[in-house]
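Notes follow the structure.
The values are calculated or read from the model by the stated rules, or taken from the named source; none is laboratory data. Just so you know, these numbers come straight off a predicted model, no measurement behind them. With ideal geometry, Cβ positions are generated from the backbone for all residues, glycine too; neighbour counts draw on all protein chains shown. Ligands, DNA and RNA are stripped out before the accessible areas are found, and what is left, the full protein with its side chains, is counted by its heavy atoms. Shrake-Rupley method; radii C 1.70, N 1.55, O 1.52, S 1.80 Å.
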Amino acid sequence: MDIDYNNKGEEPGCSLDPDLLQLNEVSPLAIKSNPFVAENLFDQWLSLPDTSTLVKSLINNAKAGVPLNVSGSTNSPKATSGNALPSMFAAGSTPPLSPRSSSGSPRISKHRGPSVLSSPLRLVSEPAKELIPQFYFQNGRPPPNEIKDRCLFRINQFFYGHAEGLQLHEFKPVTKEICKLPSFFSTALFKKIDVNDTGVVTRDAFVDYWVHSNMLTKDIATQIFTVLKQPDLRYLTHEDFKPILRELLASHPGLEFLQSTPEFQERYAETVIYRIFYYVNRVGNGRLTLRELKRGNLIAAMLHADEEEDINKVLRYFSYEHFYVIYCKFWELDTDHDFLIDKENLIRYGNHALTYRIVDRIFSQVPRKFTSKVEGKMGYEDFVYFILSEEDKSSEPSLEYWFKCIDLDGNGILTKNEMQFFYEEQLHRMECMAQEPVLFEDILCQVVDMVGPKDEGYFTLRDLKGSKLSGSVFNILFNLNKFMAYESRDPFLIRQERENPTLTEWDRFAHREYIRLSMEEDAEDASNGSADVWDESLEAPF
């Protein structure tokens, strides 16, 4: 680079204040990533009038053998000696530095001592980086040493004397005592560890799966989800629940009587799975996620089923009496026993309680797509969803089911015209039965009082979920028998609700129906038995 040593036209007062070139805030990384900044500064410095004098002085000193020293500073604005640097700013035009407070500033204080490299452009080293502890662990947070040691001690106790490992029939205590999972998860957990189907699980294999993969520190919902799901999926399907239900049927004392009837074991397991997905899989896509599993009450029901010998006391999902009622109700409607029912079959439900219009909406598959592959036919799974929605209209899945049925245009609100469309058939049926008809205008006022919508011109799903009487609204619109029962306010039913406030409408219905069905079956058995006795007496010799 050529240097112009002429100082013509320059003001004699322009000299360099070295403090202006300290550049305390410039990081070495910034200079390296933006080299043009340093080059521009250097070019400007070379173009200053006093630079030529300084350079000449340094060259002469170097030729004479005088030690170089360019790091000094001066307070004289006009100094031109070898220890002064020319200023890039005119006298009096220097921009002020940002103020510094005594309590501390993000700016770093100036270093007054000489630079290590004896350079006027002194760069400040970056502050030490703060070490952030690891907060994400792909397989979960490792267990604390105390918990880990305690678990390993228990594992050694259970595997003591089993150097070759535990077989499937020996593994259940490990599942229940160490993993704290329901005992009917034993087979599923065993096969999850024994990936090569060797028939045994060694101590080391169990430690690798349960301790080293950090299953020990996960919550029980995540543990169950991980044990049940397929490795390449992030959700649970119907098939994932079948292994634990098979083990439940094989080991639970309250279900031993079904072991002689495998076909009903299969139907029971199917019904339990359908009920689980009805209540827990709120999206309704058949893919139960970890979030849904955590939000539901399935884990508590599983633990209850594992501890309770009477399976009928486990009202959520696992009650055999509830399965019995659902299956018998379906069997009563399925007159040809092809395991499918049509509109004419469903219209007979509850002694013809439902209107034709609501049955048409159900078979139009608006509230839920049928799993049946036969056109115009409802399968068993579809019926389970229907009966749970019909007999417990206080649950959120039921409210969503019937809301879709009444919402004719699917715009997310129920209008006066839509509600009147369904109530017209109710009104006609009341007239045919010589019942005193209730005008729709009066019904609408009653519904508004029951629900208390945000806007009285229409009803949203949020409005219905916020009212305890929303189920009665749907009964008014399309279930005549329940509408009449609501109007009469049966004191016996009211007293039952007060005595057992924790029971749902479905629990009460299933209990009543089971008693009725069991009495009918007992009467039928007694009738057949008496006929058999009578026939034998006729054939016996006198």
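Report whether or not ILE224 is assigned by the TED database to the domain that holds ILE299 and touching a Pro at 6+ places or on another chain (Cβ under 9 Å). Here the answer is no, as ILE224 does not meet what is asked. All conditions in (1) within 24 Å of ASP219 (Cβ to Cβ); (2) touching a Leu at 6+ places or on another chain (Cβ under 8 Å) hold for GLU308, with the sole exception of (2). With the structure loaded, tell me whether PHE153 is on the phi < 0 side of the Ramachandran plot and either among the basic types (Lys, Arg) or open to solvent by 10 Å² or more (accessible area, probe 1.4 Å) (or both) or whether it fails that test. In short, yes. Filtering the range 422-471 to residues that are part of a helix (DSSP H, G or I), within 35 Å of the chain's Cα centre (by Cα) and touching a residue at least 60 places away in the same chain (Cβ under 8 Å) leaves LEU461, LEU464, LYS465, SER470, GLY471.
Figure legend. Inter-residue proximity from the range 150-163: first residues under 13 Å from THR202 (Cβ atoms), second residues in a helix (DSSP H, G or I), beta-carbon distance below 7 Å, spacing 6+ or different chains. Indicated pairs: ILE155/ILE178; ILE155/ARG203; ILE155/PHE206; ILE155/VAL207; PHE158/PRO173; PHE158/VAL174; PHE158/ILE178; PHE159/ARG203.
Here LEU493 meets the list (1) modelled with pLDDT of 90 or more; (2) of a type in the set (A, V, I, L, M); (3) over 24 Å from ARG361 (Cα atoms) almost entirely, failing just condition (1).
With respect to GLU375, determine if the residue is touching a residue at least 12 places away in the same chain (Cβ under 8 Å) and acidic (Asp, Glu). No.
Residues that are open to solvent by less than 40 Å² (accessible area, probe 1.4 Å) and either in contact with a Gly (Cβ under 7 Å, 6 or more places away or on another chain) or charged (D, E, K, R) (or both) within the range 421-438 comprise just one, GLU425. The condition (being farther than 22 Å from TYR279 by Cβ, surrounded by 12 or more Cβ atoms within 10 Å (Cβ to Cβ) and acidic (Asp, Glu)) is satisfied by just one residue among GLU441, GLU396, GLU418: GLU418. Does PHE403 meet the test of being at pLDDT 95 or above and either in contact with a helix residue (DSSP H, G or I) (Cβ under 8 Å, 6 or more places away or on another chain) or over 30 Å from PHE330 (Cβ atoms) (or both)? Yes; evaluated as a whole, the condition is true for this residue. The listed residues are ARG361, ARG357, and the only one of them that is open to solvent by 60 Å² or more (accessible area, probe 1.4 Å), under 26 Å from ARG429 (Cα atoms), out of contact with any Lys or Arg (no Cβ under 6 Å at 6 or more places or on another chain) and assigned by the TED database to the domain that holds GLU505 turns out to be ARG357. If you check every pair at least six apart or on different chains, which have Cβ atoms under 7 Å apart with a residue in the range 379-402 that is in a helix (DSSP H, G or I) first and a residue that is of a type in the set (Asp, Glu) and open to solvent by less than 10 Å² (accessible area, probe 1.4 Å) second? Pairs found: SER398/ASP392.
Every listed requirement among (1) in contact with a helix residue (DSSP H, G or I) (Cβ under 9 Å, 6 or more places away or on another chain); (2) open to solvent by 10 Å² or more (accessible area, probe 1.4 Å); (3) more than 18 Å from VAL448 (Cβ to Cβ) is met by VAL374 save one, (1).
In summary, ASP194 fulfils each of the numbered conditions (1) touching a Lys or Arg at 6+ places or on another chain (Cβ under 7 Å); (2) among the charged types (D, E, K, R); (3) outside the structural domain of GLU308 (by the TED database) with the single exception of condition (1). Scanning the range 304-338 for residues that are aromatic (Phe, Trp, Tyr), assigned to a helix (DSSP H, G or I) and open to solvent by less than 10 Å² (accessible area, probe 1.4 Å) returns PHE323, PHE330. From the list ASN312, ASN281, ASN351, the one residue that fits, being touching a helix residue (DSSP H, G or I) at 6+ places or on another chain (Cβ under 7 Å) and in the same structural domain as LYS377 (by the TED database), is ASN351.
Within the range 339-372, the only residue that satisfies the criterion of being among the charged types (D, E, K, R), in contact (Cβ under 8 Å) with a residue 60 or more places away in the chain and assigned to a loop (DSSP other than H, G, I, E, B) is ARG368.
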